[in-house]
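The values are calculated or read from the model by the stated rules, or taken from the named source; none is laboratory data. Just so it is clear, the structure is predicted and the values come from calculations on it, not from any experiment. Methodologically, a virtual Cβ is constructed for each residue, glycine included, from the backbone with ideal geometry; neighbour enumeration extends over all protein chains shown.
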């Protein structure tokens, strides 16, 4: 059985430079296959924002970058790709990278009321995050000027949030603890009124063991059931389990510790696995298409990735906590037809899986 660690080095590709000293592209899959994922950049502080004048003047003055990420975990992006929001578990701050204005705004731990973990952006551009120690969901305007929220006293250790504004629902993943019994998804309305609790500690359908990340799309709730090594799909209206993506194992399409969840514009599911330090892509039927990343500290590679977000242009942002930064990738050379498991996109991966 071929292990993913071996596959990481077999499948990744670093394109040859066209001339001496030119930048080498980092691409997946390997040539001669058509590239589908291209590494774009790393983002750790304002210094990494192209065109940042503050960074320019600090460089002239010889001063260090302000507000550098230390342990990024949650990541969310505005649909138009203009703003990236990152929670830093070590610093306890929420970073807002203005990718068009080239500045960084930081919401302090004190203003948030504690260390924020999960974060998402709703369809209206509001930012939602969770503060486990205060058992609080915090809601901020997209420009971070206003802050509100609600307590979730029925939760044990809430860490992740997804919002469906059209349905008026807020979904909170309760990771509890190894000995705790609160492993569940808790559902609230937009004002914080409890609506339902789905699941309990266990390994059966609709049961969870550390639901660390959640995402909602097209009437379905996707839950990273981390220590059960799977992604569970629930009906977002009733909580009934409707599908499972992946299982424990060391082959492509398997997981060890799945965490961050996101979708591209074709409806494909991206899952970051913190143990394998990669991101796997699945189509709407749960068939694996491709993976990218791999363990390492070079640009484009990952060390225990956590959250993931994708904007409307299919630019992909992955929290890379042990490398102290966000990795940015771009989906390229891909159409809706490539979501078919028999497409060229999936063919090389399916073959390497055996």
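Observations on the model:
- Against the test of being touching a strand residue (DSSP E or B) at 6+ places or on another chain (Cβ under 8 Å), surrounded by fewer than 23 Cβ atoms within 10 Å (Cβ to Cβ), modelled with pLDDT of 95 or more and assigned to a loop (DSSP other than H, G, I, E, B), the options 192, 204, 180 yield a single qualifying residue, 192.
- Of all residues in the range 66-76, at least one satisfies being surrounded by fewer than 21 Cβ atoms within 10 Å (Cβ to Cβ), within 20 Å of the chain's Cα centre (by Cα), modelled with pLDDT under 95 and not in a helix (DSSP H, G or I).
- Hits in the range 302-320 - residues which are surrounded by 21 or more Cβ atoms within 10 Å (Cβ to Cβ), touching a helix residue (DSSP H, G or I) at 6+ places or on another chain (Cβ under 8 Å) and not in a strand (DSSP E or B): 305, 306
- Residues located in the range 137-153, provided they are free of Cβ contacts under 8 Å to residues at least 12 places away in the same chain, over 20 Å from residue 193 (Cβ atoms) and in contact with a strand residue (DSSP E or B) (Cβ under 9 Å, 6 or more places away or on another chain): 143, 146
- Wholly within the range 80-121, strands (runs of 3 or more DSSP E) carrying at least 3 residues that are in contact (Cβ under 8 Å) with a residue 24 or more places away in the chain and within 18 Å of the chain's Cα centre (by Cα): 83-88, 93-98, 119-121
- Wholly within the range 224-292, strands (runs of 3 or more DSSP E) carrying at least 2 residues that are in contact with a strand residue (DSSP E or B) (Cβ under 6 Å, 6 or more places away or on another chain), free of Cβ contacts under 8 Å to residues at least 60 places away in the same chain and buried (at least 19 other Cβ atoms within 10 Å of the Cβ): 230-235, 258-263, 269-273, 278-282
- Hits in the range 151-177 - residues which are assigned to a strand (DSSP E or B) and touching a helix residue (DSSP H, G or I) at 6+ places or on another chain (Cβ under 8 Å): 151, 158, 159
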